[in-house]
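Q: Just dropping this structure here.
The values are calculated or read from the model by the stated rules, or taken from the named source; none is laboratory data. As the structure is a prediction and not an experimental result, all values here were calculated from the model. So basically every Cβ, Gly included, is an ideal-geometry build from the backbone, and we count neighbours across all protein chains shown.
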Amino acid sequence: MKNLRRYLVSGFSMAAVLMASAQSAQNATPSAPSDPAAAPANTPPPQVENGYLKLGFEHLASYTFNPPPFDPAANPTAKPPTGEEQIPPSVKSWNGKKAMITGYMVPVKMDKGLVTEFLLMRNTMACCFGSVPNMNEWVVVKMKKGVQPLMDVPVAFYGELKVGAMFENGYMTGLYELDGEKMGEVQG
């Protein structure tokens, strides 16, 4: 299961992500968010509903993020480059705040038939044969109490949001993590 988690959390294919990250960083040409219509330049600020920031992927992925290149010759004890300077201050201000985020569940860890850790994705395009999502198009969600697996339908999750580069075994695995408190209603 740990290998599956690493496979999923690190962008579905470690080799593909590392190659794409290295190539995009070397080419250094900024790219637009994967769905420009969903992430307009003038994204309105998130609303607060029942004490939770109501964040959509139009907020989370409203900026371009190019992961730093993998450096096989880097000192393993040195802190790797994070790229956090690319995260806008308004997005960084959400760190530590209660948030409600809606997306598509991709289970990573299960316990007794319930999902305890999953990726909350912007869309289902990355599944199976889709493209590798941008680093800011998923949220790692860790639930204190497991929830029923619900795939292929958008679902809202509530909890405390962490914003910043996350690493596993020296590889950047994401920018957002939600310490999940509860699952909301199925959207759609």
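Q: Look at A61 and say whether it is surrounded by fewer than 13 Cβ atoms within 10 Å (Cβ to Cβ) and either hydrophobic (A, V, I, L, M, F, W, C) or touching a helix residue (DSSP H, G or I) at 6+ places or on another chain (Cβ under 7 Å) (or both).
A: No, not satisfied.
Q: So which residues in region 65-118 are among the β-branched types (V, I, T), within 18 Å of N134 (Cβ to Cβ) and buried (at least 17 other Cβ atoms within 10 Å of the Cβ), if there are any at all?
A: Correct list: I87, V91, I101, T102, V106.
Q: Being in contact with a Pro (Cβ under 7 Å, 6 or more places away or on another chain), among the hydrophobic types (A, V, I, L, M, F, W, C), at pLDDT below 50 and crowded, with 19+ Cβ neighbours inside 10 Å is the requirement here; does A39 meet it?
A: yes
Q: If we keep just the residues of region 69-109 that are part of a loop (DSSP other than H, G, I, E, B) and small (G, A, S), which is nearest to M172 (Cα to Cα)?
A: G83
Q: I've got another one for you. Among the residues of region 138-188, which ones are outside any strand (DSSP E or B) and farther than 16 Å from L119 by Cβ?
A: Q148, N169, G170, Q187, G188
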